[in-house]
Amino acid sequence: MEFTAHNYPETPGVYLMKDAGGRIIYVGKAVNLRRRLASYFRPPESLGAKTRAMVAKIRHIDFLLVSTEKEALLLEESLIKQHRPRYNIVLRDDKRYLLFKLDKSSEFPRLSLTRNVVRDGSSYFGPFSSAMAARATLKLVGLIFPLRKCRDRSFKNRVRPCLYHQLGQCLAPCVLPVDRERYMGMIAEVEQFLSGRSRSLVRVLRRRMDRAAEELRYEDAARLRDQIKAIEATLESQASVLRDDLDRDVLALAHLPEGVGVGMLFVRGGRLLEQKTFFWRDLDMNEAPDALESFLAQYYGPERYIPPRIVLSLLPSDPADGESGEAELEAATRTDGGARGSEALAEVLAERRGGPCRLTLPRGDDERRLLGMAANLACTANRTDGAQDVAAVLEQALNLPAPPTRIECVDISHLGGKGVRAGMVVFERGEPLKQAYRAYALPAAEGTGDDYAALAQWAARRAKSGPPWPDLLLIDGGRGQLAAVGAALAEAMPDNPIECASIAKGPSRRAGELEDHVFRPGRRNPVALKSGGAALLFLQRVRDAAHRFVIGRGRAVSQKNSLAGALVALPGVGPGTAKKLFDRFGTIAAIKTADEKALAAIPGLGQKSAARLRRALDALDAQDGVPKG
């Protein structure tokens, strides 16, 4: 493409670079569009390898004008997530980390695990990349502090204390008179513990223990002694890296032979909690400041915990708005604090956090030491990115245009042609993205038992649902299933082809079969994937996840329908009452275990009807062979 400067304004905006097929291959933002775009059309030897490859594919550039750099940053982030261009840094595992959530809106707050941050006044602590570590910590907190464990629905409907109360791990505020002031004092101690201020908490608990012993309250003193021991044992297992109690994330970049490695450390309350690596393939350090800004805007989304301080090895910038990449990089890596970071990005993160957020170079010896640790971690990024290695194998073996990052897999399930359902699972960067799983009812395929027709109907519905599109669509089946999906997608989306493949059981058709065959369109023989190799094992894992998901959803719907039918058949229960029961209790199991008092609380049911319903439910339990209670 020949660049003509006067075609582009000297104002802030976002540009979309397209290839010969009209597909968006890169999205960027600029304070000055004309100067930014001109930087791509310099002599090729002055560009990085990835930029040269991208520029060779550009056939057209669209642009959108905005008023400020902040608006450009937000629009760029939105367009990258929507179109997932090939040459952008696209973050796809932004909801993998677990956080502790302390719900402050409840009268008796509960500590739970979550992956999403909601600005509802709750306190959040974390993150944990390991679910096992997060649940172990939650169990420890439950042993030390007897907070309520049940969810709001159970909390409102409970009529007797649960087993946790019998074990001394819950005060049972659901049914017992618990002093709220005492409970909130315990909540403050939990916040101290999770915020890393455990030593000051130990001092307070030790004073209480001594006072309880002096007043001959030996049981209270023993309980406090056990709390202190548990907290001190936890402190011994944590690494103290800073002398203050501030939360901060530390991020360093490292040049690697095949790209740029990113190492992140999560420090909470002065203690190193978790670490994470990313790998930006085919990127060089001259392009790193610009990529870093896009990465930070995506990583610290509205649903992620954002610390008040983010320490970086270089500050994000826009290297082409007047300076060469090398000059900007030299300015950004200065250690005297003279480099100017992205003020627009800091403003966006502060709004998402609901408080100040600073993007800064390291300050003091402790932060410089942490940055060195993050840099060493970044050097291991390409060796720890196993998903990237599998993606590279799949790209070559399946002849894909790029390594597949988002993989969708579909499977059809039915029982004798009835209850036909399609289940779709999504994997991104080698990990399941469970919030993107979808189950589809296919009433038009009922009674046919025709998997090909069911897959074609699913493909048409998937095309209507829109992006994000998969880099690879995997179908559970052979060449016939693959052809059915391919034809339906080609008819629904002739201008947006999707790469497809199918995976079929081997000759024995056993679960766990290592000889599964993978097929591609237009190819008669299976793709040559190594039996037992990482790539084939990964595809089998994706296929098995789709199979489990659709079977599980089918069973749940079948059970709900059969039990709901039995429920409506009970005396005094019509469709309206059945709906009220489901709205109140959520599941058939909860309805069947509800006592007479809880049933009578349903609007319009009444005491006599509740008693009659309870007797009918007992009879239903007896028929099903389920003991009451």
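Quick one: how many residues across the stretch 446-490 are closer than 30 Å to K81 by Cα and among the hydroxyl-bearing types (S, T, Y)?
So the count comes out to 1.
State whether the residues of the stretch 148-171 include one that is within 20 Å of Y305 (Cβ to Cβ), without any contact (Cβ under 8 Å) to a residue 60 or more places away in the chain and part of a loop (DSSP other than H, G, I, E, B).
No; the residues of the stretch 148-171 include none that is within 20 Å of Y305 (Cβ to Cβ), without any contact (Cβ under 8 Å) to a residue 60 or more places away in the chain and part of a loop (DSSP other than H, G, I, E, B).
If I filter the stretch 402-411 for residues that are closer than 30 Å to N116 by Cβ, touching a Gly at 6+ places or on another chain (Cβ under 8 Å) and part of a loop (DSSP other than H, G, I, E, B), do I get at least one hit?
no
Going through the stretch 1-16 one residue at a time, which ones are closer than 18 Å to L79 by Cβ and without any contact (Cβ under 8 Å) to a residue 60 or more places away in the chain? Working first, answer last.
Of the residues in the stretch 1-16, the ones closer than 18 Å to L79 by Cβ are 8, 11-16.
Y8, T11, G13, Y15, listed by residue number.
Condition (residue is of a type outside the set (A, V, I, L, M, F, W, C) and either crowded, with 18+ Cβ neighbours inside 10 Å or more than 31 Å from the chain's Cα centre (by Cα) (or both)) applied to the stretch 128-136: is it met by at least one residue?
Of the residues in the stretch 128-136, the ones of a type outside the set (A, V, I, L, M, F, W, C) are 129-130, 135.
Checking which are either crowded, with 18+ Cβ neighbours inside 10 Å or more than 31 Å from the chain's Cα centre (by Cα) (or both) leaves us with none.
Within the stretch 128-136, none of the residues are of a type outside the set (A, V, I, L, M, F, W, C) and either crowded, with 18+ Cβ neighbours inside 10 Å or more than 31 Å from the chain's Cα centre (by Cα) (or both).
I'd like the residue in the stretch 282-306 that is assigned to a helix (DSSP H, G or I) and of a type in the set (G, A, S) and, out of all such residues, is surrounded by the most Cβ atoms within 10 Å (Cβ to Cβ).
Only one residue tops the list, namely A288.
Just a yes or no: is a residue in the stretch 47-65 surrounded by fewer than 15 Cβ atoms within 10 Å (Cβ to Cβ), at pLDDT below 85 and not aliphatic (A, V, I, L, M)?
no
Filter the stretch 501-554 for residues that are at pLDDT below 75, over 26 Å from the mean Cα position of the chain (by Cα) and not small (G, A, S) and give the result.
P507, R509, R510, E513, L514, E515
Provide a single number: the residues in the stretch 346-357 that are under 16 Å from E293 (Cα atoms) and out of contact with any Gly (no Cβ under 9 Å at 6 or more places or on another chain).
Final tally of qualifying residues: 6.
Give the residue that is modelled with the highest pLDDT, with candidates limited to residues of the stretch 351-367 that are part of a helix (DSSP H, G or I) and surrounded by fewer than 16 Cβ atoms within 10 Å (Cβ to Cβ).
Within the stretch 351-367, the first condition is being part of a helix (DSSP H, G or I), and the residues that meet it are 351-353, 364-367.
Okay, now just the ones that are also surrounded by fewer than 16 Cβ atoms within 10 Å (Cβ to Cβ), so 351, 364-366.
Numbers: E351: 89, G364: 85, D365: 85, D366: 85.
Across the stretch 351-367, the extreme among qualifying residues is E351.
Within the stretch 141-163, how many residues are farther than 21 Å from M184 by Cβ and touching a helix residue (DSSP H, G or I) at 6+ places or on another chain (Cβ under 7 Å)?
2
Please work out which one of (1) over 30 Å from I25 (Cβ atoms); (2) outside any strand (DSSP E or B) is the condition G423 fails and give its number.
Result: G423 passes all but (2).
State whether the residues of the stretch 35-53 include one that is within 24 Å of A346 (Cα to Cα), touching a residue at least 24 places away in the same chain (Cβ under 8 Å) and either touching a helix residue (DSSP H, G or I) at 6+ places or on another chain (Cβ under 6 Å) or among the basic types (K, R) (or both).
yes
Among the residues of the stretch 471-489, count how many are part of a helix (DSSP H, G or I) and crowded, with 16+ Cβ neighbours inside 10 Å.
9
Failed condition for D120, given (1) surrounded by 15 or more Cβ atoms within 10 Å (Cβ to Cβ); (2) under 20 Å from the mean Cα position of the chain (by Cα), with all others met?
Only one criterion in (1) surrounded by 15 or more Cβ atoms within 10 Å (Cβ to Cβ); (2) under 20 Å from the mean Cα position of the chain (by Cα) is unmet by D120, namely (1).
From the list L16, L73, L111, exactly one residue is touching a helix residue (DSSP H, G or I) at 6+ places or on another chain (Cβ under 8 Å), within 27 Å of L349 (Cβ to Cβ) and surrounded by fewer than 19 Cβ atoms within 10 Å (Cβ to Cβ). Which is it?
Selected residue: L16, the only one of L16, L73, L111 that is touching a helix residue (DSSP H, G or I) at 6+ places or on another chain (Cβ under 8 Å), within 27 Å of L349 (Cβ to Cβ) and surrounded by fewer than 19 Cβ atoms within 10 Å (Cβ to Cβ).
The values are calculated or read from the model by the stated rules, or taken from the named source; none is laboratory data. What you are looking at is a predicted structure, and each value in this text was computed from that prediction instead of being measured. Reconstructed Cβ throughout: ideal geometry from the backbone, glycine too, with neighbour counts over all protein chains shown.
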